[in-house]
Amino acid sequence: MKPEKARISNVPQMQQLINSFAGKGEMLARSLSEIYENIRDYFVVRQGERVIACVALHVNWSDLAEIKSLVVTEESQRQGVGVQLVEACLKEAKELGIPTIFCLTYKPAFFEKCGFSQVDKAELPHKVWGECYRCPKFPNCDEVALIYHLEVGA
Ligand SMILES: CC(C)(COP(=O)(O)OP(=O)(O)OC[C@H]1O[C@@H](n2cnc3c(N)ncnc32)[C@H](O)[C@@H]1OP(=O)(O)O)[C@@H](O)C(=O)NCCC(=O)NCCS
């Protein structure tokens, strides 16, 4: 069980997984078309043909990327899968040469365990708020922003 790039055939299961937690208010829901269009952003962890976890690394700008849609099925939580997915994103960001990774989350303690630090949301560039208008909580966002700095070459 390790993170791998998502396949197009994984998308319906990924959407179900994301939207099951979105239904509980823990993350933003995703449409099938959004996931298909951004499929290259996603890593999944599979057990056989079953998707038990996924995450997306979305590039925002030359020096900034976001970790989104991180989710692990309830029965596979607390076994290190979430950390592995975050590490896969950080590795890819480093390979791409992107020095700052951020996330907006209701689980800041988990991301702090992964080495992220809390920042004031106002410190994030306006460009990152592109999809917030779709959030039912907009503009009263109660998510916490965290960032991670990577050493990248020129
Ligand atoms: C948050 C989530 C992705 C964590 O995944 P996970 O696979 O359970 O996490 P891991 O097993 O890799 O945990 C790594 C460490 O973080 C800790 N941790 C996990 N979830 C945590 C949480 N909600 N709060 C605080 N610490 C947490 C673990 O105890 C572990 O610490 P340890 O190494 O000291 O034992 C998972 O709980 C989840 O999918 N939740 C529902 C969806 C969600 O909220 N996603 C985040 C949206 S951004």
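The values are calculated or read from the model by the stated rules, or taken from the named source; none is laboratory data. All values reported here derive from a predicted model rather than from experimental measurement. Counting neighbours? That spans all protein chains shown, and the Cβs are built from the backbone with ideal geometry, glycine included. These area figures cover heavy atoms from the full protein model, side chains too; ligands, DNA and RNA do not enter into them. Shrake-Rupley method; radii C 1.70, N 1.55, O 1.52, S 1.80 Å.
If the viscosity is 0.890 mPa s and the temperature 25 °C, what Stokes-Einstein diffusion coefficient in µm²/s follows for the range 98-146 when Rh is the Kirkwood radius over Cα pairs? Roughly 211 µm²/s, to the nearest whole number. Taking a ≥ b ≥ c as the square roots of the eigenvalues of the alpha carbon gyration tensor, the range 1-69 is oblate, as a/c is not under 1.5 and a/b does not beat b/c. Extending 7 Å from the Cα toward the beta-carbon at both His126 and Arg40 defines two label points whose distance is 2.8 nm. Label positions at Asn19 and Leu32, each projected 7 Å from the Cα along the C-beta direction, are separated by 0.9 nm. For Ser76 and Lys5, the difference between the fully extended length at 0.36 nm per residue and the C-alpha to C-alpha distance is 23.7 nm.
Taking one quarter of the surface of the C-alpha convex hull of the chain gives a mean projected area of 8.8 nm². Leaving ligands, DNA and RNA out of it, report the carbon-plus-sulfur percent of the accessible area of the range 54-132 at a 1.4 Å probe. Its accessible area is 52 percent carbon and sulfur atoms.
Of the GluC sites (Glu not before Pro) found in the range 15-57, the ones in coil according to DSSP and having at most 14 other Cβ atoms within 10 Å of their Cβ are Glu26, Glu49. Take the chain with all the other protein chains still there, run a 1.4 Å probe, and you get 56 Å² of accessible area per residue. The Cβ shell under 11 Å around Lys121 holds other residues with a net charge of -4, Lys and Arg each +1, Asp and Glu each -1.
Dividing the helix sum by the residues of the chain, where each DSSP H run of 4 or more adds -39500 (n - 2.57), gives a mean residue ellipticity at 222 nm of -7500 deg cm²/dmol.
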